[in-house]
Amino acid sequence: MMSSNKNIRGPWSLTEAVAFMHETNAPMRLAVNGASGFPILTPLWHIWIEGSLWAAAKPSSAIVRALRRDPRCAFDISIETPPYKGVRGRGHTKVETNGVPLLQRLLDRYMGTEAPDFQARLLHASKDECAICIEPSHLTSWDFSKRMGS
């Protein structure tokens, strides 16, 4: 759990990095160690809750299987349009069962009231959804707003 600025680099404090993660709806790119030795990289919706990043995935997904073998990860949450800015980091994960309440929070965050039928189908098909908790150990921020103009 990130509780101080000692493990953060870049122009932002921990408070500013967390604010960015709250504000942006850009998906997180989560990188993990695959069984083959090659990395697995996948985009996931995310939410910051009390010092940890959270995401949801099916228990049969490659990302969950890899995290159950090796809980280490790296992640990136960034904006791909100027001015470029974001947060990347590394940490350890815990995979928990009963990710359905988390999935509902992610749907609220990313979709709001859009596509209620689609959201209902996702929730109905997600009885076994896993919650992925990422406890960051290091963060790096970047913000090219001054260089690129806002």
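List, please: which pairs have Cβ atoms under 7 Å, are six or more places apart or on different chains, and start with a residue in the stretch 125-146 that is closer than 16 Å to Gly89 by Cα and end with one that is open to solvent by less than 10 Å² (accessible area, probe 1.4 Å) and not in a strand (DSSP E or B)?
Ile132/Leu67; Leu139/Ala17; Ser141/Ala17
Which residues, taken from the stretch 92-103, are on the phi < 0 side of the Ramachandran plot and not in a helix (DSSP H, G or I)? Give the steps one after another, and end with the answer.
Within the stretch 92-103, the first condition is being on the phi < 0 side of the Ramachandran plot, and the residues that meet it are 92-97, 99-103.
Of everything in the stretch 92-103, those that are on the phi < 0 side of the Ramachandran plot and not in a helix (DSSP H, G or I) turn out to be His92, Thr93, Lys94, Val95, Glu96, Thr97, Gly99.
Are any residues in the stretch 21-33 open to solvent by 10 Å² or more (accessible area, probe 1.4 Å) and either under 24 Å from Glu80 (Cβ atoms) or in contact with a strand residue (DSSP E or B) (Cβ under 6 Å, 6 or more places away or on another chain) (or both), and if so, which ones?
His22, Glu23, Thr24, Asn25, Ala26, Pro27, Arg29, Ala31
The rows are residues; the columns are (1) open to solvent by 30 Å² or more (accessible area, probe 1.4 Å); (2) over 22 Å from Arg65 (Cβ atoms); (3) hydrophobic (A, V, I, L, M, F, W, C).
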residue	(1), (2), (3)
Leu102	no, no, yes
Glu114	yes, yes, no
Ser126	no, no, no
Cys130	no, no, yes
Ile134	no, no, yes
Lys146	yes, yes, no
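Filtering the stretch 34-45 down to residues that are open to solvent by less than 70 Å² (accessible area, probe 1.4 Å) and touching a helix residue (DSSP H, G or I) at 6+ places or on another chain (Cβ under 7 Å), which residue is nearest to Asp70 (Cα to Cα)?
Among those residues, the one meeting the criterion is Gly34.
Right, Pro71: in contact with a Ser or Thr (Cβ under 7 Å, 6 or more places away or on another chain), open to solvent by 20 Å² or more (accessible area, probe 1.4 Å) and not acidic (Asp, Glu) or not? Walk me through how you get there before you give the answer.
Details: in contact with a Ser or Thr (Cβ under 7 Å, 6 or more places away or on another chain): yes; open to solvent by 20 Å² or more (accessible area, probe 1.4 Å): yes; not acidic (Asp, Glu): yes.
The answer is yes for Pro71.
Condition check: without any contact (Cβ under 8 Å) to a residue 24 or more places away in the chain, open to solvent by 60 Å² or more (accessible area, probe 1.4 Å) and not acidic (Asp, Glu). Does Pro82 satisfy that?
Numbers: without any contact (Cβ under 8 Å) to a residue 24 or more places away in the chain: no; open to solvent by 60 Å² or more (accessible area, probe 1.4 Å): yes; not acidic (Asp, Glu): yes.
It is false that Pro82 is without any contact (Cβ under 8 Å) to a residue 24 or more places away in the chain, open to solvent by 60 Å² or more (accessible area, probe 1.4 Å) and not acidic (Asp, Glu).
Can you tell me which residue in the stretch 49-68 is farthest from the chain's Cα centre (by Cα), limited to those that are in a strand (DSSP E or B) and crowded, with 20+ Cβ neighbours inside 10 Å?
Here the residue is Ala57.
Between residues in the stretch 29-50 that are over 16 Å from Val95 (Cα atoms) and in contact (Cβ under 8 Å) with a residue 40 or more places away in the chain and residues that are of a type outside the set (A, V, I, L, M, F, W, C) and in a strand (DSSP E or B), which pairs lie under 8 Å by C-beta distance while being six or more apart or on different chains?
Going by the 8 Å Cβ cut-off, the qualifying pairs are Arg29/Thr42; Arg29/Pro43; Arg29/Asp76.
Which one is modelled with the highest pLDDT among residues in the stretch 114-132 that are touching a helix residue (DSSP H, G or I) at 6+ places or on another chain (Cβ under 9 Å), under 13 Å from Val100 (Cβ atoms) and not charged (D, E, K, R)?
Ala131
The values are calculated or read from the model by the stated rules, or taken from the named source; none is laboratory data. All values reported here derive from a predicted model rather than from experimental measurement. Note that each Cβ is placed from the backbone with ideal geometry, even for glycine, and that neighbours are counted across all protein chains shown. Heads up: the accessible areas ignore ligands, DNA and RNA and are worked out on the full protein's heavy atoms, side chains in. Shrake-Rupley method; radii C 1.70, N 1.55, O 1.52, S 1.80 Å.
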